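Just so it is clear, none of the values below were taken in a lab; they were calculated from the coordinates. None of these values were measured; they are calculated from a predicted model. For neighbour counting, all protein chains shown are included, and Cβ atoms are generated from backbone atoms with ideal geometry for every residue, glycine included.
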Amino acid sequence: MTEEQKDLLYKIAVSMTPGVSADIVRAMEARDVSAEEFICLESVDLSARLGLARGVTFQMVHREAALIRARQEMDYCGRHSIRPLFLSDPDYPYLLAEAPDAPVLIYVLGDGPLDSPHSVGVVGTRRCTPYGANFVHKFVEELGGLFRDLCVVSGLAAGIDSMAHQAALDAGVATVAVVAHGLHTIYPAANTELARNIVKSGGAIVTEYPSGTASFRNHFLARNRIIAGLSHISVVAESEIKGGAMNTANHANSYNREVGALPGRNSDRASSGCNHLIRTHRASLVENANDIVDLMGWEICTHVKAVQRNLFPELDGDSKLIYDCMRMEQDPISVDALHYKTLLPVRRLMELLPELEFDGVVTRCPGNKYTLV
């Protein structure tokens, strides 16, 4: 086992230790306590190193049990290409890390952009109406047309959540699904194919729960804080007063993040929560993509640099490799196909393709495919 693998093992074990929170991880970082030391130090010594109040300890028996489970989980992650990200890791999503109750560790399946400069949470009721469904599809399509690096974040639930993910896939933009269970399964099962398409298209499935963890009601409520934490703004499309989407809005408010809501008729139960958020000044009225642009102050790039297709002296390294590969293709090519032909990691491709698109070298097509301009 390499030092990097060993460090990851202990980080997973820390996350599985009862009583560990984001505050504990931040104390570890501030007091230079490594994950290995957290697991291996005697309880009294650990409490002293962390500056914990007298009598507050992490029992060795619990930490040893966590280490055993961590070995199993690390093996599972390796076999299924799942990336565990620890709160203090440099590649942990910075927006989520700002949340005071951020997950100690998240498991990520896929290469979706967890730090997109234009990430929008879209949530709502499972019992949506055609009014809410039509809004979601048009809203995501419009916003995706303005920002090609848009990332739509939602919860993979039936109704508005599923429609938000599908709208992102249809618009050719990234989408991240946050689930309330381990990555050994997908709930609801009817969304298994949708989850598979999210990962294939360059998106990601995210959870704070290790494999084998079933979905419980309190897990869904905890899941909502991750949706809010990954999003610059959370938009509630339709919700009743006590809907789960209202919980997401509450988390976003507590993080001092923007919240938007689609207004509806006062006689529509599915819009009662949205109207309440707007009426109590806990959400801004959102009817279209331009409302988000105005609310967030995002700058739309209206100028694309003109570049001659047959001469790119500025391209070198991996960018030139991508260009040379695409010159041989008559039809738009997917990221997976580019990965196969260039042998470049998918993450590297997802970094370079938006840059090449901005420079006017390539253009994005439906289905998350690219072609030369």
Taking the stretch 114-154 and dividing mean pair separation by its residue count, relative contact order in percent (alpha carbons under 8 Å, at least six apart): 70
Over the chain: helical MRE at 222 nm, DSSP H runs n ≥ 4 each giving -39500 (n - 2.57), nearest 500: -14000 deg cm²/dmol
The stretch 112-229, relative contact order [Cα under 8 Å, separation at least 6], %: 26
The stretch 58-105: Cα Rg divided by the 2.2 N^0.38 Å rule of thumb: 1.37
Gln5 versus Asp318: modelled label distance in nm, points set 7 Å from Cα along the beta carbon direction: 2.4
Extension gain from Asn253 to Val56, taking 0.36 nm per residue of separation minus the Cα-Cα distance: 67.8 nm
Paramagnetic reach from Asp23 (point 7 Å along Cα→Cβ, amide N under 11 Å) across the stretch 81-111: 101
All-pairs alpha carbon distance profile, the chain, 20 Å steps from 0, percent: 28, 52, 20, 0
Fraction of antiparallel bridges per DSSP, the chain only, in percent to nearest 5: 40
Cα-only radius of gyration and Dmax that characterise the stretch 22-106, units Å: 14.0, 42
Gaussian network model of the chain, Cα within-10 Å springs - most flexible of His276, His165, His184: His184
